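The values are calculated or read from the model by the stated rules, or taken from the named source; none is laboratory data. Worth saying up front: this structure is predicted, and the values here are computed from it rather than measured. When we count neighbours, we look across all protein chains shown, and the Cβ atoms used for this are built from the backbone with ideal geometry, even at glycine.
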Amino acid sequence: MVLTKIDSEQFKDMVRAGTHRMGKNSEFVNKLNVFPVPDGDTGTNMTLTIESGAKAVSESTSSKVGDLTKALSKGMLMGARGNSGVITSQLFRGFYKATENKDTLSALDLANAFSNGVATAYKAVMKPVEGTILTVARVAAEEGKNKASETDDAIEVMKAVVEGAKKALKTTPDLLPVLKQVGVVDSGGQGLVFIYQGFLEGLLGEKNNDDYQLDEVEMDELINAAHHQAESAQVQLSTSDIKNGYCTEIMVDLTADVADKKKFNLEEFRQHLSQVGDSLLAVSDGEVAKVHVHTEHPGEVFTYGSQFGQLGKIKIDNMRIQHETILENNEEQEESVDFAVIAVASGHGIRELFQSEGVNRIISGGQTMNPSTQDIIDAIKKSGATKAIILPNNGNIIMAAKQAAEVADIPVGIVPTKTISQGLTAMLSFDPDASVEENVEAMSEDLDTVVSGEVTKAIRDTQIDGVQVKKDDFLGIIDGKIKVDNPDLVDATSQMIENMLDEDTEIITIMYGSDATKAQAESVVAKLEASHDDLEFEVHDGGQPVYYFLVSAE
């Protein structure tokens with residue numbers, strides 16, 4: 001089969017297949033997370049990013065490939081989440097710029113588009129690092145360009161792009177020592193390989209239309225719809241009225257072999273789960289089953305689902321804790337302000353801390369829930385402000401925030417806060433009478449003086465940064481580096497804080513999360529006060545997920 005021109009329908013097939021393959025492998029990409037903590041989200045972010053682009057392409061009626069690449073680029077731009085998602089969106093922004101006037105794509109057009117995407121993505125990253133998705137994209141584009149000089153077959157060019165991407169992916173551990181130390185390839189690079197493989201499959205027509213229509217995108221849309229409908233219904237309840245308090249979601253890989261595996265029947269599956277909770281939605285494409293249910297016993301859902309295959313994505317939200325936040329959000333007045341400060345945060349107590357310091361609007365999110373470019377733009381619009389400042393409060397959200405600022409209708413400044421602690425410190429320097437530029441400078445000035453600590457639980461055994469990590473131990477992470485591993489939560493937190501101190505430290509702020517208690521926080525304080533009577537301690541109920549404690553030392 002030789003293909004000298006890619007028309008609009010063939011390009012749509014490429015996008016659909018690329019999205020499908022990325023979605024099917026998102027959990028695998030998530031598990032390539034370097035840190036052994038429960039926040040691997042590269043696969044999720046890349047899937048949501050390309051899904052947004054694919055949706056825009058599917059809605060286009062144009063027969064010109066250039067119009068479709070424009071739709072893809074715009075959709076991915078608005079749906080981009082996390083650094084990996086933003087970089088992927090920039091790759092396809094450059095792809096679009098090279099093809100915007102094309103009715104069809106030749107082999108050379110395709111190769112040039114990939115090359116232009118690489119140039120655009122490298123420019124978008126302030127300090128490009130080799131051994132990442134950028135390296136995979138660059139080598140893939142180079143191989144495609146070389147092949148285009150030998151043939152006018154677009155399929156051969158796409159094959160070369162895929163092989164180049166695979167080859168580059170294998171080199172990422174040699175370029176980034178931390179990858180070799182942990183024994184994984186770059187997660188973003190792996191995600192891009194899946195997307196490119198899907199593109200090739202789309203060109204070759206390697207898909208089954210019947211199975212293909214019920215894919216991860218549609219299942220996720222159904223699950224998300226169920227979640228949001230239930231969340232809206234909570235507004236009508238008091239907290240005490242919530243009978244099944246845990247919003248539980250699981251994904252089951254039905255193709256995986258497990259001990260004593262049972263035959264899967266969707267109706268029987270639904271019938272059983274309907275007895276353990278309410279607000280149930282269970283869907284399946286025959287290879288994967290996804291479940292959303294409200295229950296008092298999430299463990300029963302996990303145990304039942306694991307009989308039919310391997311559990312993938314698992315999510316539990318305590319709806320009683322979330323309920324008050326939902327009510328607060330719905331009571332917010334949509335008053336216009338001249339200068340808005342918008343912060344990304346998760347946890348009722350942390351939200352209240354930001355609001356007490358003058359933040360006008362909170363975007364729900366954080367390490368495991370990176371908001372999209374569109375989410376940030378929506379928050380800017382809803383503020384009604386004439387200018388705004390964004391506090392991302394996470395290093396994986398900064399690029400999306402900058403992307404939102406570029407397309408916003410008002411002047412928007414980004415203060416590059418990488419932690420909640422930095423965000424709270426930055427607010428101390430906000431001046432509503434100053435300009436956007438003056439505020440960005442003033443609010444960024446003291447960020448380096450804040451030492452930020454996070455305590456979470458290890459999800460696997462490994463060794464990183466000289467620390468031997470054991471699964472289910474508590475990890476103390478200081479400014480992005482694992483410093484402590486300890487099976488005891490209070491001891492791990494105390495040791496982490498000891499490592500955060502220097503001769504100038506005066507105040508320690510401890511925010512305990514939804515899985516920790518005030519008593520545990522006070523135990524940490526008591527241990528430290530015994531040897532540091534010169535320190536001042538503040539303890540707050542942060543209510544944040546994932547992290548048992550968030551700590552700042554100033």
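Annotations
Conditions (1) touching a strand residue (DSSP E or B) at 6+ places or on another chain (Cβ under 8 Å); (2) in the same structural domain as residue 341 (by TED's automatic domain parsing); (3) surrounded by 22 or more Cβ atoms within 10 Å (Cβ to Cβ), marked per residue:
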site	(1), (2), (3)
363	yes, yes, yes
378	no, yes, no
385	yes, yes, no
389	yes, yes, yes
394	yes, yes, yes
401	yes, yes, yes
424	yes, yes, yes
429	no, yes, no
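- For residue 185, the conditions (1) more than 24 Å from residue 52 (Cβ to Cβ); (2) touching a Leu at 6+ places or on another chain (Cβ under 9 Å); (3) modelled with pLDDT of 95 or more; (4) of a type in the set (A, V, I, L, M) all hold with the exception of (3).
- When restricted to residues that are under 26 Å from residue 513 (Cα atoms), in a loop (DSSP other than H, G, I, E, B) and free of Cβ contacts under 8 Å to residues at least 60 places away in the same chain, the stretch 430-464 contains 1.
- Only one of the numbered conditions (1) in contact with a helix residue (DSSP H, G or I) (Cβ under 8 Å, 6 or more places away or on another chain); (2) surrounded by 21 or more Cβ atoms within 10 Å (Cβ to Cβ); (3) farther than 20 Å from residue 133 by Cβ is not met by residue 58, and that is (2).
- A single entry from 171, 99, 135, 151 fulfils the requirement of being within 18 Å of residue 8 (Cα to Cα) and hydroxyl-bearing (Ser, Thr, Tyr): 99.
- Against the numbered list (1) surrounded by fewer than 24 Cβ atoms within 10 Å (Cβ to Cβ); (2) more than 28 Å from residue 151 (Cα to Cα), residue 47 comes up short only at (1).
- Pair list, Cβ < 6 Å and 6+ apart or interchain, from the stretch 176-189 residues that are over 20 Å from residue 25 (Cα atoms) to residues that are hydroxyl-bearing (Ser, Thr, Tyr) and surrounded by 15 or more Cβ atoms within 10 Å (Cβ to Cβ): 182/462
- Considering (1) under 28 Å from residue 515 (Cβ atoms); (2) β-branched (Val, Ile, Thr); (3) in contact with a Leu (Cβ under 8 Å, 6 or more places away or on another chain); (4) part of a strand (DSSP E or B), the lone condition that residue 362 does not fulfil carries the number (3).
- Test: residue 531 is over 30 Å from residue 356 (Cα atoms) and either of a type in the set (Ser, Thr, Tyr) or assigned by TED's automatic domain parsing to the domain that holds residue 177 (or both): yes
- Within the stretch 97-107, not a single residue is buried (at least 24 other Cβ atoms within 10 Å of the Cβ), within 19 Å of the chain's Cα centre (by Cα) and over 19 Å from residue 58 (Cβ atoms).
- Within the stretch 40-70, the residues that satisfy the criterion of being over 12 Å from residue 95 (Cβ atoms) and among the small types (Gly, Ala, Ser) are 40, 43, 52, 54, 56, 58, 60, 62, 63.
- Residue list for the stretch 405-422, restricted to those being in a loop (DSSP other than H, G, I, E, B), crowded, with 24+ Cβ neighbours inside 10 Å and hydrophobic (A, V, I, L, M, F, W, C): 415
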